[in-house]
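Read through the structure below, which is laid out as structure tokens, and then see the notes.
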Amino acid sequence: MTLTDTPRTSSPARRVLGVDAGGTGTRAVVVEGDQVVDRIELGPLNILLHADSAARLAAVISETGVDGAGLGLAGVQSVGDAESVLAVLRTHTSVPIAVTDDSEVAVLGAFDGKSGGVVIAGTGSIACGRDDNGRVLRVGGHGFLLGDDGAGYWIGRECVRAALREADGSGPATSATAVVQQVFGDDVRDAVRRIHEFPTDRELLSCLVPIAAAAADAVADEVIEGIFTSAAAHLARLADTLRKHLGPIQVAMVGGVFRVATVRAAFVAATGAVPALGPPEIGAVRYAQLKLHEEMAVNDRS
Amino acid sequence: MAAAKLVLGIDAGGGSTRAVLMREEELVSRHSTGPMNLLLHADASDRLVALINETNAELVGVGMPGLRNALQLLKFTHDVKQRTGATVIAADDATIGLLGAFAGGPGIVVIAGTGSVAVGWPGKGRVNRVGGHGFLLGDEGSGYWIGRAAISAALRSRDGTGPKSGLPEIVERAAGTRLEEIVMRVHSDATDRKQVSKVTRALAASTDPAATAILEEAADHLIAMAKSLQASMGDLPVAMVGGVFEIPIVSRRFIAATDATKPLEAPEFGAVRLAIGDRNARDAALVQ
């Protein structure tokens, strides 16, 4: 059973809301049949960090007057998490809602509900895949202290480390130094203090990615190229692991790190990755159609 | 004369703070308190002032983690002087480790406790330094690094992104909880490093090949730091300081590569040398 041939037959005109909520921004769409009829931009929304998340989501669901909503929420890490969010939302609205994490909706968006996998590399990194039987697997995503190799924070951190090695005299001269200076000031050692003062401010490091990409475009730099290539290798390992478990699925790229040409090219060369067909918020609509249809099927039988 | 004064030498480490109070050559008392790191602990200055006032020291030498540049050093010593009336001479924590390790003489010391750093001093001029960029950016081979490397490798083993090993079980047993929960705990307070150090201790006690490989990699990072200083300053003797060297796999490998010895004196005595120090020790204390 695939997603696209099931929900429309039972309810052709259903209005469905899809939400992709993340720490840096939240995008929502309203879909009627196959048409996107509304797009909504919300601010950053992380259920772990923002206490008013549930109320904000419930408000959007009521205001759009939809028949169902699919939510892909950053911070949801287990079925238990999803159920607690759902329980809170149910106190605000009676509209049927399906909740999962942001990576599963990214897969559904990238392959329009069909099987496939995505490697997501923004500030953090994670891979998520779905096979033809609907089996979902996540790999990576262990956070900036323990994993997230190849992601924006990781790349920024490697740039700072390269600059510090140059300052120490234990590494070669690199334009990573100029990149770090642009953000942290002339003495790259000041970066050490700033970064440890705000250990959870991950943007402090991931903001270096586009600057490093521009620097490497302007003047070839082996150190920065090496960081980008190694980032791509880490991300490709996530894709390989998905395929090892789910079979030879197609893989798509999601997230800002893939805007870096070197990373993208090396990743595509290693994995044969394809561009995503649609964005995660459309995937959230597909998730709702899939889950709410299943719910209805159960109701029909009972 | 400085010699008759009560001199307090303080090693304000990332794991704990140790101090000795001396009058001339006589050890008057020993003190210990919690860790003080200017980068991590907002109350570090206050607790230091309390310690100095409690001992009535007139002259204080202090090695302070997180002191990064000359301006910060001046501000810090000025502030403590104002609040205690004592004469305060400060350096970063690695410098007093060096002064203690070679009793004020030239050498290289590699320090691997919660964090890691190597400093070398050829007998005149300034102290050279490698590493020590804190737990978010460096500290390769340190206790935190070892524990974090083990947790990461355990996650990769379970994910299938890395080789299968016994690490998931070792890490979960050490932390007393599942890997998913460990990931949450480590990130819930990034500056609380207790979770990670539990894993480091378990790794040190393990005979699993994957655990040994991480400990050997830690030793190799620490060896590279010593070699990097020898490359720029000449073939100075090497000493090893800090809890990581109490792990036999690490110290055996480190000694084999560097002929390292144990320090002659503990860092807090190096801090006393810094305070009463000859011109050499004062020179060495200058932050580069």
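Read the figures in this text as sums done on the coordinates, not as results from a lab. Small disclaimer: the values here were computed from a predicted structure and weren't measured. All Cβ positions, even for glycine, are placed from backbone atoms using ideal geometry, and neighbour counts span all protein chains on display.
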Alpha-carbon Rg with Dmax, taken over the range B:135-281, Å: 17.7, 58
Order of B:Met64, B:Met233 under a 10 Å beta carbon neighbour criterion, fewest first: B:Met233, B:Met64
Kirkwood Rh, angstrom, chain A [1 / mean 1/r, Cα pairs]: 20.3 Å
Extension gain from A:Lys244 to A:Ser94, taking 0.36 nm per residue of separation minus the Cα-Cα distance: 49.9 nm
Where labels lie 7 Å past Cα in the beta-carbon direction, separation of A:Arg39 and A:Asp190 in nm: 3.9 nm
Centre separation in Å (Cα based) which lies between the range B:28-77 and the range B:92-126: 18 Å
Estimated FRET transfer efficiency (A:Thr229, B:Ala4; beta-carbon r; R0 56 Å; 0.05): 0.35
Number of partner chain Cβ atoms within 10 Å, mean per residue of A:188-195: 4
Projected label distance in nm at A:Ala59 and B:Asp79, using a 7 Å step from Cα toward the beta-carbon: 4.1 nm
Relative contact order for the range A:131-224, counting Cα pairs under 8 Å that sit 6 or more residues apart, in percent: 31 percent
With Cα atoms, 0 to 90° folded angle of helix A:53-63 axis to chain A main axis: 50 degrees
Per-pair calculated FRET efficiency, R0 = 30 Å: A:Asn133 and B:Lys194 via Cβ, rounded to 0.05: 0.10
Rounded D (µm²/s) - the range B:88-195, Kirkwood Rh over Cα pairs, Stokes-Einstein at 10 °C, 1.306 mPa s: 100 µm²/s
Check: the range A:147-302 dipole with +1 on Lys, Arg Cβ and -1 on Asp, Glu Cβ, in debye: 500 debye
At 1.567 mPa s and 4 °C, Stokes diffusion of the protein assembly as shown via Kirkwood alpha-carbon radius, µm² per second: 49 µm²/s
At 1.567 mPa s and 4 °C, Stokes diffusion of the range A:167-258 via Kirkwood alpha-carbon radius, µm² per second: 84 µm²/s
Long-range lysine pairs (8 or more apart or interchain), the protein assembly as shown, Cα under 23 Å: 8
For chain A, with +1 on Lys and Arg beta carbons and -1 on Asp and Glu, the positive-most of A:Val118, A:Val79, A:Ala231 along the dipole: A:Val79
Lys, Arg +1 and Asp, Glu -1 on Cβ, resulting dipole of the range B:148-288 about Cα centre, debye, nearest 20: 160 debye
Distance (nanometres) between label positions extended 7 Å along Cα→Cβ at B:Asn56 and B:Leu71: 4.0 nm
